[in-house]
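Below: the structure, in structure tokens.
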Amino acid sequence: MVASGIREARRKRALLLYQAGSRVREILGKLTETGQDDDYELAKQKLTAYFELQQNRRYEVYKFRQTRRDTGETLDNFHIRLRKLSINCKFIDVDFELEQQIIIGEFSAKIRQKALRDPDYKLTDMLLDSRWDEMSCF
């Protein structure tokens, strides 16, 4: 909308519903108090609330658990990707879950072995060791 220069609320709402498709238009039609044709912000809020309720925590955790470090990906980037995925998982101890997933999805045997041997080896240690390993390759 910014790139197209659309500032008028009526046009924003129309574009939102056009781009989202007929199913989203149907959903908005069934929701209550969605405003008039020029209530873009209200329509956006209602749709956001509707779809946020539709999140399936089990599916989000499944996606998180299936995540593996890509070849050539730094541990820092893998960690960032996992942290983003963890948001919808609603973990109680996010750092612990990140540590576990790094141990499972990490292709560095050195970090995995160190983490499995030493209960005090934490996420920050993994990241620091990985950075040190990456620097020593040069």
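The values are calculated or read from the model by the stated rules, or taken from the named source; none is laboratory data. What you are looking at is a predicted structure, and each value in this text was computed from that prediction instead of being measured. Quick reminder, even Gly has a Cβ in these numbers, built from the backbone with ideal geometry, and neighbours come from all protein chains shown. For accessibility, only protein heavy atoms count, side chains too; no ligands or nucleic acids. Shrake-Rupley method; radii C 1.70, N 1.55, O 1.52, S 1.80 Å.
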**OP:** Give me the accessible area per residue for the chain, probe 1.4 Å, as a whole number in Å².
**Re:** 71 Å²
**OP:** Determine which lysines satisfy two conditions relative to Lys114: a Cα distance under 16 Å, and not lying fewer than 8 residues away in the same chain.
**Re:** Lys122
**OP:** With springs connecting C-alpha atoms under 10 Å apart, model the chain as a Gaussian network and identify which of Ser22, Ser108, Ser86 has the largest mean-square fluctuation.
**Re:** Ser22
Original post:
Taking Cα centroids, how far is the range 74-105 from the range 7-34 in Å?
Top reply: 35 Å
Original post:
Between Glu41 and Ala3, what FRET efficiency comes out of the Förster formula 1/(1 + (r/R0)^6) with R0 = 22 Å and r the beta carbon distance, rounded to 0.05?
Top reply: 0.70
Original post:
In the chain, with Lys and Arg counted as +1 and Asp and Glu as -1 at Cβ, which of these residues, Gln45, Leu15, Leu98, has the Cα nearest the positive end of the dipole, that is, farthest along it?
Top reply: Leu15
**OP:** For the range 10-41, run through the GluC sites (Glu not before Pro) and keep only the ones in DSSP coil with at most 10 other Cβ atoms within 10 Å of their Cβ.
**Re:** Glu33
Subject >> Label-to-label distance, nm, for residues given as Arg68 and Lys110 (7 Å Cα→Cβ offset) >> reply: 2.2 nm
**OP:** May I have the convex hull volume per residue, in Å³, for the Cα set of the range 36-138?
**Re:** 139 Å³
Original post:
Counting only protein heavy atoms, what percent of the accessible surface of the chain is carbon or sulfur at a 1.4 Å probe?
Top reply: 53 percent
**OP:** List the relative contact order of the chain as a percent without decimals, with contacts defined as Cα pairs under 8 Å and 6+ residues apart.
**Re:** 17 percent
Original post:
Pick from Phe107, Phe51, Phe91: which residue has the top mean-square fluctuation in a GNM of the chain where Cα pairs under 10 Å get a spring?
Top reply: Phe51
**OP:** First check a/c for the range 67-119, with a ≥ b ≥ c the square roots of the eigenvalues of its C-alpha gyration tensor; if it is under 1.5, answer rounded, and if not, answer prolate when a/b is larger than b/c or oblate otherwise.
**Re:** oblate
